[in-house]
Amino acid sequence: MTDASLPTGPTPKGSIYTQSPRVKRRNAAEGRFKFYGMLAIATGLLMLAILLFTILSKGTGAFQQSFITLNVPLLEAKLDKTGERDLEKIKKVSTFGYAPIIQAGFETTLEQAGLQSDLKVKTQAAILSKSVAADLRNYVLTNPDMIGHTVEFKFLANSWIDGYLKGRVSRISVADNKAISAEQLDFADSLRDAGILRKSFNPAFILGSDASDQRPEAAGMGVSMAGSFFMMLVVLFLSLPIGVAASIYLEEFAPKNRWTDLIEVNISNLAAVPSIVFGILGLAVFINYMNLPQSAPLVGGLVLTLMTLPTIIISTRASLKSVPPSIRDAALGVGASKMQAVFHHVLPLATPGILTGTIIGLAQALGETAPLLLIGMIGFIASNAPGSVAEGLMSPNSAMPAQIYEWAKRADPAFYERAWGGIIILLVFLVSMNALVVILRRRFERRW
């Protein structure tokens, strides 16, 4: 050691365990940064908790509905005057002809329960859903042999009575309401005390179809769930092979020149394009030019495929890049062709990332609303589930996000409650798809 390498100046005093002012400032800055990070995480978790609490508190009521149990005498004098049980003659009785039968059911049920009411029988029956007459008629047409018997039915109460039992409607709020009166609420209280009117789980909300503005209590998500399912089939069977093939070519085979650079830049830009632009494109090309049926899940699936492709291409290319170059070199070194190296070695190792990107793209497409609005998937109320794959793809239908949007803009508070309930169902699908991503990644992922 030379003299030039010896430390110059005064020798520092004190222990090495004593922090200098500079170290103290640095440690204090690090402590503040950790605090800000934990504060940010806590704030995010708090916002998430508030969001989930709001959705669950406002939407769980949609899964319960108020039902009125009535013993209805299927009067032969009203439904089948000849007694021949001729179905064609029974069909001639319209839903209006079933109103006296429903009123007779109220009289029979109140008499058996020992209840009395000053309301007119017609006013009593007004607390039922407007779908009751059609439901009763469908039952009679399906079971004509039951005419002449007294049958127990569970009928839907109307949305105002249901809201009253759920605390959404109060006596003050119905003071000037022409759809319901305080006397009918008193009548509903007596029915509830007698066990005739009660809330129970409503499977029709999950499995049923949408309803008109006059029957919010009968609206369900089932048919729109079928519409979303067929749209996702189209997206899956188109976006996955096209996106993966384009990614493999761009990453493994395409020459690196200005054209491929231009394509890559455009793909990245397309991933950031607002979804409503794809809706305008679908309206112009698929409906106005190709004359495909409006509101059909096939058109919705094609639009969402265009929107999902950039996401799948970008994630697939990232997965291919993550495979070590040594895998390619080793395959080529033992005599494999370029295509064999890619398809036999690189692609299987990149499969977890490809599946992850695909499912994330599908989840994004499942929750999109704006493109569906432009192709008309909110202008049609599908009353029945499709009977075949072709009908499911080509028949007019709605989708879950479009159905939620449609309910949210209607005036009746019952539709607003159903919109929150639809959000719960949509979130269940999205959480399930993201959970599937985690499972697939843990199952197939290889660490290098």
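The values are calculated or read from the model by the stated rules, or taken from the named source; none is laboratory data. Everything numeric here is computed off the predicted structure, so don't read it as measured data. In this analysis, Cβ positions are derived from the backbone assuming ideal geometry, glycine residues included, and neighbour counts consider all displayed protein chains.
When every residue of region 326-333 is checked against the conditions, none turns out to be outside any helix (DSSP H, G or I) and closer than 20 Å to Ala246 by Cα.
Within region 386-395, the set of residues being crowded, with 17+ Cβ neighbours inside 10 Å and not in a helix (DSSP H, G or I) comprises Pro386, Ser395.
Results for (1) without any contact (Cβ under 8 Å) to a residue 24 or more places away in the chain; (2) assigned to a helix (DSSP H, G or I), shown as yes or no for each residue.
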site	(1), (2)
Ile263	yes, yes
Ala272	yes, no
Leu281	no, yes
Val285	yes, yes
Asn288	yes, yes
Asn291	yes, no
Gln294	no, no
Val299	no, yes
Leu302	no, yes
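Based on this model, can you work out whether Ile439 counts as free of Cβ contacts under 8 Å to residues at least 12 places away in the same chain and not basic (Lys, Arg)? Yes; evaluated as a whole, the condition is true for this residue. Entry remark, region 291-302: residues being modelled with pLDDT under 90 and farther than 10 Å from Met394 by Cα number 1 in total. Scanning region 316-329 for residues that are surrounded by fewer than 22 Cβ atoms within 10 Å (Cβ to Cβ) and in contact (Cβ under 8 Å) with a residue 12 or more places away in the chain turns up Ala318, Leu320, Lys321, Ser322, Val323, Pro324, Ile327, Arg328.
Mind counting the residues in region 357-371 that are in a helix (DSSP H, G or I) and over 16 Å from Ile248 (Cα atoms)? The number of residues fulfilling the criteria is 10.
Mind listing whichever residues of region 54-109 are part of a helix (DSSP H, G or I), of a type in the set (Phe, Trp, Tyr) and farther than 15 Å from Met146 by Cβ? Within region 54-109, Phe63, Phe96, Phe106 qualify. For the criterion of being within 30 Å of Ile206 (Cβ to Cβ) and modelled with pLDDT of 85 or more, Leu79 fails.
Picking from residues in region 203-251 that are of a type in the set (S, T, N, Q) and surrounded by 22 or more Cβ atoms within 10 Å (Cβ to Cβ), the one that is farthest from Glu368 (Cα to Cα) is Ser247. The conditions are (1) outside any helix (DSSP H, G or I); (2) modelled with pLDDT of 85 or more; (3) among the aliphatic types (A, V, I, L, M), and Ile381 fails exactly one of them. Which is it? (2) is the only condition that Ile381 fails. Residues in region 403-447 that are β-branched (Val, Ile, Thr) and surrounded by 15 or more Cβ atoms within 10 Å (Cβ to Cβ): Ile404, Ile423, Ile424, Ile425, Val437.
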